[in-house]
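Quick note: the coordinates plus some simple rules give every number you see, no bench work behind them. Everything numeric here is computed off the predicted structure, so don't read it as measured data. Cβ placement follows ideal geometry from the backbone for every residue including glycine, while neighbour counts extend to all protein chains displayed.
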Amino acid sequence: MALERTLSIIKPDAVAKNVIGEIYTRFEKAGLRIIAAKMKHLSRKEAEGFYAVHRERPFFNALVEFMVSGPVMIQVLEGEGAVLKNRELMGATNPKDAAPGTIRADFAASIDANAVHGSDALETAKVEIAYFFADTEISPR
Ligand code: RTP
Ligand code: MG
């Protein structure tokens, strides 16, 4: 498997629950390395731009509203097969469907407040990482 990078966001609900550290521990235990991180309260424009692929979906406004409701913790994760590995750690979009032991099963309350974001493919990851981080802000080993 190849060394990959993926973008992860700990969403406002999980930041409010004070579980950034617990989620970071799951990344680290799975062999993912945090190579960049920043806490940020997204503007509406930033949230809309980030989720632009969902612009036409019925849940878009609720999604943006939620993402600007409080600070988020944004990180770049690096590791073997990082994109898929992070998606496995996260669990299904709707916490009701998320496998036991996944981040969403353990920390998410609803499909809207679902604790984490993770890039869904390598190409998406590249775009999403560049959306939030300059090359000079990323510190690989
Ligand atoms: P994310 O992008 O946040 O990592 O989530 P995801 O890939 O698992 O799900 P995605 O399809 O990309 O949807 C982005 C976020 O929109 C909300 N959503 N609501 N009500 C609905 O049917 C619905 N579908 C999606 C979720 O909060 C999801 O995380
Ligand atoms: Mg997605």
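Which members of region 3-25 meet the condition of being within 21 Å of A125 (Cβ to Cβ) and buried (at least 19 other Cβ atoms within 10 Å of the Cβ)?
Residues satisfying the conditions are E4, R5, T6, L7, S8, I9, I10, K11, A14, I23.
Out of everything in region 41-59 that is out of contact with any helix residue (DSSP H, G or I) (no Cβ under 8 Å at 6 or more places or on another chain) and of a type outside the set (K, R), what residue ends up being farthest from L7 (Cα to Cα)?
P58
Show the residue pairs that are 6+ apart or on different chains and have beta-carbon atoms under 7 Å apart, the first residue being within region 117-139 and more than 12 Å from ligand 2 (Cβ to nearest atom), the second being of a type outside the set (A, V, I, L, M, F, W, C).
From region 117-139, the pairs are L122/E4; I129/R5.
Quick one: in region 27-76, which of the residues that are surrounded by 16 or more Cβ atoms within 10 Å (Cβ to Cβ) and among the acidic types (D, E) is farthest from S110 (Cα to Cα)?
Here the residue is E46.
Mind listing whichever residues of region 43-58 are within 19 Å of M73 (Cβ to Cβ) and free of Cβ contacts under 8 Å to residues at least 24 places away in the same chain?
Matches in region 43-58: E46, A47, Y51.
Could you check how many residues of region 69-85 are of a type in the set (S, T, N, Q) and within 9 Å of the chain's Cα centre (by Cα)?
Final tally of qualifying residues: 1.
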